[in-house]
Structure formats: structure tokens, C-alpha cells
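The values are calculated or read from the model by the stated rules, or taken from the named source; none is laboratory data. Model, not experiment: these values are computed from the prediction. Ideal geometry is used to build each Cβ from the backbone, glycine not excepted, and the neighbour counts take in all protein chains shown. To get the accessible areas, we keep the full protein, side chains included, count just its heavy atoms, and leave off ligands, DNA and RNA. Shrake-Rupley method; radii C 1.70, N 1.55, O 1.52, S 1.80 Å.
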Amino acid sequence: MGFTIEDALVQTQEQYHLKLLAGREGCSNAMSWVHMIEDTTIIQQLWGKELAVTTGLGFQSHDSLFDFIKCLVKYHSVGLVINTGKYIFEIPQDIIDYCNEQDFPLLTTPWEVHMADLIKDFSMRCLYSQREDNQISKLFQNVFTTPQVVEEVRQQLLGAFDVDGFFQVVLIGIEDSDQFDAIERRRVSFQLELCFEKIQSPYTFFWFDGYFVLIVNNLDPDSLEKITDKMYKRTKKRMPSRFIHLGIGTPMTDFRQVILSYKRARAAVAMAEQFKYPMILFEEMGVYQILFSIEDKQILSGMYQHLLKPLIDYDQKHHSELEKTLFYYLIHDGSQVAMAKNLYMHRNTINYRMTKVKELLNCQLDTFEEKMPYMLALYIKKVIQEDINKDKDLFAAIQ
């Protein structure tokens, strides 16, 4: 959650006499570091979330100051503190209006304030907040890896989270992110965290087991939807060549249940990755809730092989498509008209194939109880098959 501009206004007002001129809506932004900037050259090297401070030495004209602020907004600075009284005396109204439009905090501090003291103080507060955030992240990770410690961790989080409230986990998967080095991962993390500026409830964000993890506490569904949508669009814009997938777990009441939301988010992001979806909510997964929650995929593979081995062996030996015919039979509830249309074959051919299917399976496929296991096998195939484009027309019918 970090040290925010709002924290700075409340906690350091007497020391630095900060005055907020614009961008109140952005004051919940957490800062990662503080930089003294007197020239725009360095700005494009920033990672995002930095607080900029300036004496105004290099921005004494209206246009140069305006361009400076626009550049800070472009590179996702969390705000600007201007040390007024020597180079800059008044802030033009159109600049204040722009900062309000962008929710970009614009602050001033009088020339008598020593900026070196402010920078050192704020930077130390940033480090302290980051250390606290890291400690909180490790507590959640401990629960994910060792669920038995949940009661102990619950007590440790009492001051930072409403442990009796509800928790929801979001996992963000970025293609090849496991190959990022620490610097690149941190840079991406900062970019993602810029989407959390409007979160008013407790949350934590960290990298764990191949995914970026966002855990929110008592955040309403509409707000979470806006945040995840913004996060996806921002990430996709900055990494257009990579696949990005979000899995959203179920909101669970009480911290003791947070691991269930995490496991469901894992199932959702696995489905998103497998089917190349940008975002999946666990509640919307249907029967895939069960299938993607099974961690041991050999169970699914064994079930699939057990149910359909006669057809798989026959198709391999005779280069036929009995398995595919069976699945279309199940999807269209035995309608030969629909099957003929989708398989592009005559009804007599369909009748012949289905007779062979029933013979090999030793099942007439007349009742729901007889059809259900083979319908399940169809869903299992979609979960375990790596190249889903192989049967994309068939799979599209059971989305």
C-alpha cells in the first residue's frame, strides 16, 4: 500500500508546510521513491510511481513548466512538489486545471524548506513502507505454502486488514514472465500497481509462483472489475507482443478462507491461459471449475483414456474420426441434421459411424446417465490438450 501523498500531507505538514494545489483524487497514490528534477531528460528513465520535486530552476517559463508536468504524467509520476519562492512564485491556473483533470497531485513548499531534508525524509518513509509491504506479502505467501499457519498469520494481520471481512485473489499471468530478471519484474510490477491508485480498501500485491498476485480486502465487485479491466489494458498496451491472462478467484469471507480464493484464481488463470482468454472469473467457469481445480492432471488424462480408449485406438488404426463423431453427437443431442451440417457428411455415414461407436463403447448412449461420462470426457480433452486449435471448431461449440 506504501507511503502516499495523502500520508505526506497529514504526517509532515508542520515540517514542510506542503500545500496541495491540485489533484486531490490522486493523493492515495503510493510513491516508490523521490527524485529532484530540474531537467526533463531524466524523466523517461523513471519506472513510475516516483514523486518529483523541483526548485523550478529549469522550468521558469509557463510553457516549460507545463511541458514538464505533462511529461511527468506521461511517465506515471505520482505527483510534483515545487519549491516556490526563488524561481517560481505562482502556479498558472491552466496548469492547476490540467493537474485536476489528470488527478495529478501538485504541491508547493516554501523556499525556506530544505529540499534535501524533504527528499531524505520521504525516501526513508518509502523504504519503511516497502519493508512493511514485503512483510505482509510474505505472510500471505506463507499461508499459500503452509495453510497450517493461517491462525498465526491472521493475528499478525489484524492491524492492517479486516480479517473478518472478505478477501478476493486475482492472478495476473504474463507470457514468459518467469524469465524476467528481478529488475524487469519490478518494473512491470510498478506499472501494474499504477492501476491500484483508486483502491480505498486494504490490499497487497506481489510476485509468487509464476504470477503477479493481487489480494483485496472488502473491495466491491464493481471496483474490482474496473481495476482488472484497466490493469489488463495498461499491460497489453505496454507489452503488445505478449499474452496476458487474468484469473479472478471467488470472494471469501474471513481471512481463514483466503487460500480458497487463491486456489480458485489459479484454476481461473489456468483456464484463461489454456483457452487464450484475457480474463476469467471462477464463478463463470461452469464445469471447468472442477476440472481446472484438479492439480493432478494425470487423473484427468487417465479418465479420458479409460472412457475413450476403444475409439482412440480405432481412429489411430483406421485413420477415422469416431471420437469426433461421438462428441458432435453429444453436443447436438443426437440430432442428425445438426451433425450432418457441422460434419459435412451424409446421414447414412453418420448412422454408420454411430453404430460403430456404440459397438466399440458397448453403450447405446440413450439415457443421460450413459451420455454424461463421455460428455465429461469431451471437457477433459479440452483441459489436457495442449494444442486446442487442432479441434477448434469442435471446442468452439462447447465454450
Next on the checklist: From the convex hull of the Cα coordinates of region 145-291, what is the mean projected area in square nanometres?
Outcome noted: 8.9
Checklist entry - When ranked by the protection proxy of mean other Cβ atoms within 10 Å per residue, highest first, what sequence do the peptides 105-114, 360-369 form? => result 105-114, 360-369
Checklist outcome for this item: Filtered pair list for region 3-121 (Lys only, Cα < 22 Å, 8 or more apart or interchain) has a length of 8
Checklist entry - Can you count the Lys pairs in region 145-291 with C-alpha separation below 24 Å, eight or more apart or on different chains? => result 15
Checklist outcome for this item: The long-range amide H neighbours of Val53, using H built 1.01 Å from N in the peptide plane and a cut-off of under 5 Å, are His35, Met36, Ile37, Val81
Item to check | Unit Cα scatterers, Debye sum, the chain: log10 I(q)/I(0) for q = 0.10, 0.13 Å⁻¹ | outcome: -0.77, -1.06
Checklist outcome for this item: Rounded to a whole %, the carbon-and-sulfur portion of the accessible area of region 3-121 at a 1.4 Å probe is 48
Next on the checklist: Quick check for you: with a 1.4 Å probe and neighbouring chains kept, what is the accessible area per residue of the chain, in Å²?
Outcome noted: 51
Checklist entry - Non-local amide H neighbours of Leu21 (under 5 Å, H modeled in plane, Pro and chain starts lacking H): which ones? => result Leu106, Leu107, Thr108
Checklist outcome for this item: For Trp33, the accessible surface traced by a 1.4 Å probe with all protein chains present amounts, in square angstrom to the nearest 10, to 90
Next on the checklist: Solvent-accessible area of Arg264, probe 1.4 Å, all protein chains present, reported in Å² to the nearest ten, please.
Outcome noted: 70
Checklist entry - If we sort 91-101, 372-382 on the protection proxy, mean other Cβ atoms within 10 Å, highest first, what's the order? => result 372-382, 91-101
Checklist entry - Using heavy-atom solvent-accessible surface (probe 1.4 Å) with all chains present, what is the largest-first order of Ser189, Ser61? => result Ser61, Ser189
Item to check | Pairwise FRET efficiency - Asn218 versus Thr145, Cβ, R0 = 25 Å, nearest 0.05 | outcome: 0.50
